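Notes for the one structure printed next.
The values are calculated or read from the model by the stated rules, or taken from the named source; none is laboratory data. Everything quoted here is computed from the prediction, not taken from an experiment. Positions of Cβ are backbone-derived with ideal geometry, glycine not excepted, and every protein chain shown enters the neighbour counts. Heavy atoms of the whole protein, side chains included, go into the accessibility calculation; ligands, DNA and RNA do not. Shrake-Rupley method; radii C 1.70, N 1.55, O 1.52, S 1.80 Å.
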Amino acid sequence: MLRAYNHVPIPSFMYGTAWKKEATAQLAELAVVSGFRAIDTANQLIHYQEALVGEALQALEKRGIARDSLFLQTKFTSVDGQDHRTPYDPSADLTTQVRQSFDSSLTHLGTEYVDSYVLHGPHQRRGLGEADWKVWAAMEGLYHSGKTKMIGISNVTAGQLAELCEQANVKPMVVQNRCFAALGWDNEVRDICQAHGIIYQGFSLLTANRRVLADPEIRTIAQRLGTGSAQVIFRFAMQIGMLPLTGTTSQQHMKEDLQAEQLALSTEEIQRIETIAL
Ligand SMILES: NC(=O)c1ccc[n+]([C@@H]2O[C@H](COP(=O)([O-])OP(=O)(O)OC[C@H]3O[C@@H](n4cnc5c(N)ncnc54)[C@H](OP(=O)(O)O)[C@@H]3O)[C@@H](O)[C@H]2O)c1
């Protein structure tokens, strides 16, 4: 378990449900049965089927795995990231959009609260604008209401995160970013997270780093540990304080990935992987 600065516990590995389409319910259930306890989704039909995650939760309840034993994270996606199927009135003001999207997430998931509610991304590439601050204020309201135990932001630059940490009433407790080895595994953003007690969640650890996976040094480490390159990357992520996401569709990969929690890399191996693509 990891803990953000507000002390809320969060499992150290998360199963992501993007792009699973109609298989979402079956795969989310399988992930939990395999051992994952944290699930990531979003109220954004282009990439996610949040309501099918809700179906998985119902099936899990029937198997005796209660909602409270799971960590559920979902996201608010602005109109720019949606197609015509917005889960809110796109002509409403932003505060209303966030509330409607959040309420619809609770309905989809069949729950009265979420563990983490994430802004899918700022409206602009650089800096934070008026729209971002309005959305963040609405998310702070949800946090104060107790309906989400954490709030966070995704697809954020170091500059945007620094601005948010300096000026927000409630700093984010989680950040979720695509993590490229060639960019020092997002070290600028991770440094800010560490300084503020924010949990950094890394996605695309495998798909954004295919060359690293095939690197002979990673293969040698994998051989030493009797595992695969993917597990070395997930273990590396955990040892540098990151919470990795995996979006695998294979039960075997789910089980192998979870074994990363039992591995141990040496300090030298960690240092080598940190700079392997620089
Ligand atoms: N906030 C955002 O904007 C954003 C964007 C993208 C993703 N995400 C989140 O992050 C989650 C994960 O996305 P991702 O891009 O990291 O993963 P992903 O796209 O699901 O990619 C994993 C890929 O690697 C393959 N793979 C091979 N060996 C694997 C192994 N041992 N373990 C896991 N995968 C293996 C998988 O194939 P198999 O299926 O055959 O294993 C799959 O094709 C998403 O589901 C979503 O929740 C968030």
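In region 70-91, the count of residues that are touching a Cys at 6+ places or on another chain (Cβ under 6 Å) and β-branched (Val, Ile, Thr) is zero.
Answer yes if at least one residue in region 202-222 is closer than 25 Å to Gly159 by Cα, in contact with a Pro (Cβ under 9 Å, 6 or more places away or on another chain) and open to solvent by 30 Å² or more (accessible area, probe 1.4 Å), and no otherwise. Yes, because at least one residue in region 202-222 is closer than 25 Å to Gly159 by Cα, in contact with a Pro (Cβ under 9 Å, 6 or more places away or on another chain) and open to solvent by 30 Å² or more (accessible area, probe 1.4 Å). The set of residues from region 128-155 being open to solvent by 10 Å² or more (accessible area, probe 1.4 Å), in a loop (DSSP other than H, G, I, E, B) and closer than 25 Å to Ala38 by Cα comprises Gly146, Lys147, Lys149, Asn155. The residue of region 64-88 that is surrounded by the most Cβ atoms within 10 Å (Cβ to Cβ), among those that are in contact (Cβ under 8 Å) with a residue 12 or more places away in the chain, aliphatic (A, V, I, L, M) and under 27 Å from Gly35 (Cα atoms), is Leu72. Remark: Ala230 matches the filter, which requires a residue to be in contact with a helix residue (DSSP H, G or I) (Cβ under 7 Å, 6 or more places away or on another chain) and either open to solvent by less than 10 Å² (accessible area, probe 1.4 Å) or within 8 Å of the ligand (Cβ to nearest atom) (or both). The criterion of being free of Cβ contacts under 8 Å to residues at least 12 places away in the same chain and among the hydroxyl-bearing types (Ser, Thr, Tyr) holds for Ser91.
Residue-by-condition table, conditions (1) over 24 Å from Trp19 (Cα atoms); (2) within 11 Å of the ligand (Cβ to nearest atom); (3) touching a Gly at 6+ places or on another chain (Cβ under 7 Å):
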{"position": "Gly159", "(1), (2), (3)": "yes, no, yes"}
{"position": "Ala181", "(1), (2), (3)": "no, no, no"}
{"position": "Trp185", "(1), (2), (3)": "no, no, no"}
{"position": "Ile240", "(1), (2), (3)": "yes, no, no"}
{"position": "Pro244", "(1), (2), (3)": "no, yes, yes"}
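From the list Leu57, Leu45, the lone residue that is within 18 Å of Phe102 (Cβ to Cβ), over 16 Å from the mean Cα position of the chain (by Cα) and part of a loop (DSSP other than H, G, I, E, B) is Leu45. Among the listed residues Ala182, Ala277, Ala230, Ala222, which satisfies the condition of being at pLDDT 95 or above, of a type in the set (A, V, I, L, M, F, W, C) and in a loop (DSSP other than H, G, I, E, B)? After applying the criteria, what remains is Ala277.
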